[in-house]
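First the structure, in the form of structure tokens, and then the observations on it.
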């Protein structure tokens with residue numbers, strides 16, 4: 001069997017934002033440990049392709065690149081269609097994992113071409129649509145993992161510093177700041193979008209269990225981690241401050257959950273592939289100062305009524321068509 005034939009027989013993982021930060025460290029973990037082929041999805045292929053080439057050379061796995069901007073519904077639909085076509089043609093195997101990892105904290109109030117607030121669209125709506133469109137291409141015992149954040153919990157220092165969450169009302173979040181209404185602060189928009197990630201992960205778990213599926217849905221907090229790029233929408237001084245040793249020292253003093261780029265990325269890969277997490281569906285894990293631990297997420301994140309409403313409103317916002325809705329998730 002040739003090297004290319006061996007590569008095609010490896011399990012595959014799709015990682016949004018897999019070309020940088022935690023996503024790239026996760027990609028290295030999957031390529032080097034359990035030996036996954038990779039699909040790296042990102043907005044700018046001129047940035048994605050060099051990362052893919054480093055992984056191909058360094059680990060000898062098949063790495064496919066996919067242009068996808070999770071803030072754009074059209075981009076997500078196009079990328080999902082191309083991914084399905086690659087699987088159907090046998091160019092990659094069914095997905096063993098989808099890692100909903102791309103995210104951003106955008107300081108300015110922006111609305112996407114779809115008309116939705118950009119942080120909410122990027123962090124939640126794009127991934128919601130992606131899962132709907134690709135869940136039936138996830139293999140038995142596969143996993144969907146959401147990169148969330150401890151900022152979703154207003155009772156923790158993480159949540160207090162960034163900005164306490166507001167109600168996870170998808171319609172209101174998508175239309176934040178419109179019609180002359182005062183916009184929610186950038187920190188609150190971010191933390192609430194991460195609460196939506198966890199509500200989504202838990203509701204996905206419930207729906208998969210009801211359908212009899214063996215696919216797992218898991219939430220993961222990488223901790224406060226410098227070098228991830230999620231602050232790209234914030235002022236340059238804020239981005240610089242976040243990389244300093246003083247900022248790390250200050251966060252520890254305040255009790256912030258601390259991550260590490262390499263360790264948190266490796267943890268994300270382990271959650272996606274390690275047999276130790278085979279029964280982790282519906283759970284929440286956290287990287288904190290070199291430890292990967294199972295945690296309880298915020299009280300609000302377990303509210304099934306809120307989760308159901310978020311799901312239904314998200315379906316409306318992404319204009320999900322009857323033919324697009326997976327039978328696994330009804």
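The values are calculated or read from the model by the stated rules, or taken from the named source; none is laboratory data. These figures come from a predicted structure and were not determined experimentally. Note that we place each Cβ from the backbone using ideal geometry, even for glycine, and neighbour counts take in every protein chain shown.
Annotations for the structure displayed:
- The residue that is surrounded by the fewest Cβ atoms within 10 Å (Cβ to Cβ), counting only those in region 47-62 that are within 21 Å of the chain's Cα centre (by Cα) and over 11 Å from residue 20 (Cβ atoms), is 49.
- Whichever residue in region 173-196 is surrounded by fewer than 24 Cβ atoms within 10 Å (Cβ to Cβ) and in contact with a helix residue (DSSP H, G or I) (Cβ under 6 Å, 6 or more places away or on another chain) and, among such residues, is nearest to residue 108 (Cα to Cα): 187
Yes/no matrix, rows are residues, columns are (1) over 30 Å from residue 140 (Cα atoms); (2) in a loop (DSSP other than H, G, I, E, B); (3) at pLDDT 85 or above:
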{"site": "201", "(1), (2), (3)": "no, no, yes"}
{"site": "204", "(1), (2), (3)": "no, no, yes"}
{"site": "208", "(1), (2), (3)": "no, no, yes"}
{"site": "218", "(1), (2), (3)": "no, no, yes"}
{"site": "230", "(1), (2), (3)": "yes, yes, no"}
{"site": "237", "(1), (2), (3)": "yes, no, no"}
{"site": "240", "(1), (2), (3)": "yes, no, no"}
{"site": "247", "(1), (2), (3)": "yes, no, no"}
{"site": "253", "(1), (2), (3)": "yes, no, no"}
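- Check on residue 83, crowded, with 19+ Cβ neighbours inside 10 Å and at pLDDT below 95: no
- Residues satisfying the stated conditions in region 288-324, i.e. outside any loop (DSSP other than H, G, I, E, B), in contact with a strand residue (DSSP E or B) (Cβ under 8 Å, 6 or more places away or on another chain) and at pLDDT below 95: 288
- If you go through region 281-305 and pick out every residue that is surrounded by 11 or more Cβ atoms within 10 Å (Cβ to Cβ) and farther than 29 Å from residue 258 by Cβ, you end up with 1.
- Here is the figure for region 136-151: residues that are surrounded by 23 or more Cβ atoms within 10 Å (Cβ to Cβ), part of a helix (DSSP H, G or I) and touching a strand residue (DSSP E or B) at 6+ places or on another chain (Cβ under 8 Å) total 1.
- Counting only residues that are buried (at least 24 other Cβ atoms within 10 Å of the Cβ) and modelled with pLDDT of 95 or more, region 152-169 holds 4 of them.
- From the list 58, 42, 115, 32, the one residue that fits, being more than 16 Å from residue 145 (Cβ to Cβ) and at pLDDT below 95, is 32.
- Out of 17, 21, sole residue that is touching a residue at least 24 places away in the same chain (Cβ under 8 Å), touching a strand residue (DSSP E or B) at 6+ places or on another chain (Cβ under 9 Å) and closer than 30 Å to residue 188 by Cα: 17
- Per-region count, region 90-108, residues at pLDDT 95 or above and over 13 Å from the mean Cα position of the chain (by Cα): 2
- Of the residues making up region 105-125, those that are part of a loop (DSSP other than H, G, I, E, B) and surrounded by fewer than 23 Cβ atoms within 10 Å (Cβ to Cβ) are 107, 108, 109, 110, 112, 113, 114, 115.
- Listed by first and then second residue, the pairs with beta-carbon distance under 6 Å, at least 6 apart or on different chains, first residue in region 111-123 and farther than 17 Å from residue 101 by Cβ, second assigned to a loop (DSSP other than H, G, I, E, B), are 112/71; 117/176; 118/71; 118/110; 118/112.
- One residue stands out among those in region 163-174 that are over 19 Å from the mean Cα position of the chain (by Cα) and assigned to a helix (DSSP H, G or I): the one that is nearest to residue 78 (Cα to Cα), which is 171.
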